[in-house]
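Written out below as structure tokens is the structure these notes cover.
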Amino acid sequence: MSFDLILKNGRVIDPSQDLDLVTDVAFAGGKVAAIGRGLEANGAAVRDVAGLIVTPGLIDLHTHVYWGGTSLGIDAEEFARKSAVTTCVDTGSAGPGNFAGFRKHVIEPSQVRILVYLHVSFAGIFAFSNRVMLGESHDLRLMAARDAVEVAEANRDVVIGIKVRIGRIASGPTGIAPLDIALQVADETGLPMMVHIDEPPPSYEAVVERLRPGDVLTHCFRPFPNSPISRDGKIKHEVLAARQRGVLFDVGHGMGSFSWKTARAMLAEGFVPDTISSDIHALCIDGPAYDQVTTLSKFLALGLPLRQIIAASTVNAAKALARPELGTLRPGSIGDASILSLKEGEFPLEDVRGEIVTAGERLFAEGVVIAGKWWHPA
């Protein structure tokens, strides 16, 4: 069989196949073609990645990449290059009122895959910057249930779920009511939700109690207030009950939603996040989130095994998206791969409250394969 590209001699970590070994990965026709030692080039491009880690293409389940269309938006391709991400999942930047522009001007031209949780609010997250912060869920007149159903149904190739943001900052006087509307949209379309929770009211418990199997609660390692742990460091009953019934828990680091204290307490109780995401946007790209590999590295500092961390940004994220062709290097799957290095040293990593942990090792992005080709933005 002829190949287009071979990655030689890398440490291949693919949790979907329980792989962790030094071997080659070959691509042909935009797909993964083969995994094995000593694959013959026969005219294929070859990259020697000895000493580096090769994983399925990283999926960042929580990003904001409507660049130019919202004040939060960052450039997906530039972010992907710096973070070795091959799939950016935009979570609510656009709603049904401005999704068409997002699709035409950002999603379709992008070489990086962009999938979308469509916001139930008409114009998505339209007014968040350093100077203006207006919660899009403050006004129920913006909750566009019929429009959201129509847009989601017409764009099933990229819309994978419904987004709503709840809390004092995001929904303010409307409280938990926008979640009830989003639930109806999700039920009507048969799609899962991703739900943001910030400061109370409502409480973390009240929000998580409403979520269904397959729904994603993002910002799951928040600091106080609306932390998933109580004063004694124990996980709240409602959180455990939600996981038991199949609710998924996503990190969604961002500018205010990852705390070392919370993370330590949750992991001490055996509560590992289903997915690890950056919640990257214009207000956290220069810290404290920075990018996906920095976010992943924080879990190395917390003692989580590397294979489990990779799973939380590959196969687990693909399952949350119901896209089994992603997050794996199985032959025949989509030909995306991320090339990482794991370096030792002293790396200061901060949380959203300013606590700094000095990590002894850290992941760095070294390259990306998209659709079977070595890729970088033009």
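Can you confirm whether the range 126-149 contains a residue that is of a type in the set (Val, Ile, Thr) and crowded, with 24+ Cβ neighbours inside 10 Å? Quick ask: steps written out before the conclusion?
Here is the first cut: in the range 126-149, the residues of a type in the set (Val, Ile, Thr) are 132, 149.
Among the residues that remain, those that are also crowded, with 24+ Cβ neighbours inside 10 Å are: none.
No, the range 126-149 has no match at all.
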Task: helices (runs of 4 or more DSSP H) enclosed by the range 152-250 - at least 1 residues per element that are within 21 Å of Gly135 (Cα to Cα) and without any contact (Cβ under 8 Å) to a residue 40 or more places away in the chain - done: 177-189, 204-209
Open item on the list: Can you find a residue that is more than 23 Å from Asn316 (Cα to Cα) and not hydrophobic (A, V, I, L, M, F, W, C) anywhere in the range 239-247?
Closed with: no
Task: Any chance Met255 is crowded, with 16+ Cβ neighbours inside 10 Å, of a type in the set (A, V, I, L, M, F, W, C) and in a helix (DSSP H, G or I) - done: no
Open item on the list: Looking only at the range 10-31, count every residue that is assigned to a helix (DSSP H, G or I) and either open to solvent by less than 40 Å² (accessible area, probe 1.4 Å) or under 14 Å from Arg47 (Cβ atoms) (or both) and tell me the total.
Closed with: 2
Open item on the list: Need pairs with beta-carbon distance below 9 Å; first residue closer than 15 Å to Phe271 by Cβ and hydrophobic (A, V, I, L, M, F, W, C) and within the range 301-312, second open to solvent by 40 Å² or more (accessible area, probe 1.4 Å) and not in a loop (DSSP other than H, G, I, E, B); sequence gap 6+ or separate chains.
Closed with: Leu302/Arg264
TODO: May I ask you to verify whether Val89 is touching a helix residue (DSSP H, G or I) at 6+ places or on another chain (Cβ under 8 Å) and open to solvent by less than 30 Å² (accessible area, probe 1.4 Å)?
DONE: yes
TODO: For Thr70, state whether it is polar (S, T, N, Q), closer than 25 Å to Asp274 by Cα and surrounded by 16 or more Cβ atoms within 10 Å (Cβ to Cβ).
DONE: no
Open item on the list: Just the residues that are open to solvent by less than 50 Å² (accessible area, probe 1.4 Å) and not acidic (Asp, Glu), please, taken from the range 336-353.
Closed with: Ala337, Ser338, Ile339, Leu340, Ser341, Gly345, Phe347, Leu349, Val352
- [ ] Would you tally the residues in the range 322-371 being among the acidic types (Asp, Glu), in a strand (DSSP E or B) and closer than 27 Å to Lys8 by Cα?
- [x] 3
Open item on the list: Looking for something open to solvent by 10 Å² or more (accessible area, probe 1.4 Å) and either hydroxyl-bearing (Ser, Thr, Tyr) or in a helix (DSSP H, G or I) (or both) - is there at least one such residue anywhere in the range 266-274?
Closed with: yes
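The values are calculated or read from the model by the stated rules, or taken from the named source; none is laboratory data. These numbers come from a predicted model, not from an experiment. Cβ: placed from backbone, ideal geometry, glycine included. Neighbour counts: every protein chain shown. The accessibility values were calculated without ligands, DNA or RNA, using every heavy atom of the protein model including side chains. Shrake-Rupley method; radii C 1.70, N 1.55, O 1.52, S 1.80 Å.
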